[in-house]
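The values are calculated or read from the model by the stated rules, or taken from the named source; none is laboratory data. Keep in mind the model is a prediction, meaning the values are calculated, not measured. Backbone-built Cβ (ideal geometry, glycine too); neighbour counts: all protein chains shown.
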Amino acid sequence: MSNAQIMTLTDKAAERVRALIAQNNQEILGLRIGITNTGCNGLSYTMDYATDERQDDAIIDSGDFKLLINKDAIEFVDGTEMDWLEEGLQSRFTFENPNEKGRCGCGSSFHV
């Protein structure tokens, strides 16, 4: 499986990532995506700016930025599509993950 199939971005998500990186004063490669144990349903996504590549990262090159997927998260996010959603006064990244078996009522965590 190629790294590009681990996670994809919609055009809106890619546009938002570009805007966030452009607003930052650091040298940013892209976003680091991970998973943490938290919430009422077990797992939650993490995102942070990536300034370096790690040996065990899965790297998705989008041309002007990269998604760096933490090796421990790959099995949980495989096939996921990341989107940017704007609804009324709310805006956020969303994840459409085919591996999810359930999500908590507040939407902040999931399980596979």
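Residue count for region 71-91 satisfying the condition of being surrounded by fewer than 19 Cβ atoms within 10 Å (Cβ to Cβ) and in a loop (DSSP other than H, G, I, E, B): 6. Residue count for region 20-37 satisfying the condition of being among the β-branched types (Val, Ile, Thr) and out of contact with any helix residue (DSSP H, G or I) (no Cβ under 7 Å at 6 or more places or on another chain): 2. Quick check on Thr94: is it modelled with pLDDT under 90, in contact with a helix residue (DSSP H, G or I) (Cβ under 9 Å, 6 or more places away or on another chain) and part of a strand (DSSP E or B)? So Thr94 fits the description; yes.
Out of Thr80, Thr38, report the one residue that is hydroxyl-bearing (Ser, Thr, Tyr), in contact (Cβ under 8 Å) with a residue 24 or more places away in the chain and out of contact with any Phe, Trp or Tyr (no Cβ under 8 Å at 6 or more places or on another chain). Before the answer, list the steps.
Numbers: Thr80 fails: out of contact with any Phe, Trp or Tyr (no Cβ under 8 Å at 6 or more places or on another chain).
Result: Thr38 is the single residue among Thr80, Thr38 that is hydroxyl-bearing (Ser, Thr, Tyr), in contact (Cβ under 8 Å) with a residue 24 or more places away in the chain and out of contact with any Phe, Trp or Tyr (no Cβ under 8 Å at 6 or more places or on another chain).
If you go through region 55-69 and keep only what is assigned to a loop (DSSP other than H, G, I, E, B), surrounded by fewer than 18 Cβ atoms within 10 Å (Cβ to Cβ) and touching a strand residue (DSSP E or B) at 6+ places or on another chain (Cβ under 7 Å), you end up with just Ser62. Taking the criterion of being assigned to a loop (DSSP other than H, G, I, E, B), farther than 17 Å from Thr80 by Cα and either at pLDDT 85 or above or touching a strand residue (DSSP E or B) at 6+ places or on another chain (Cβ under 7 Å) (or both), the residues of region 1-49 that qualify are Asn24, Gln26, Glu27, Ile28, Leu29, Asn41.
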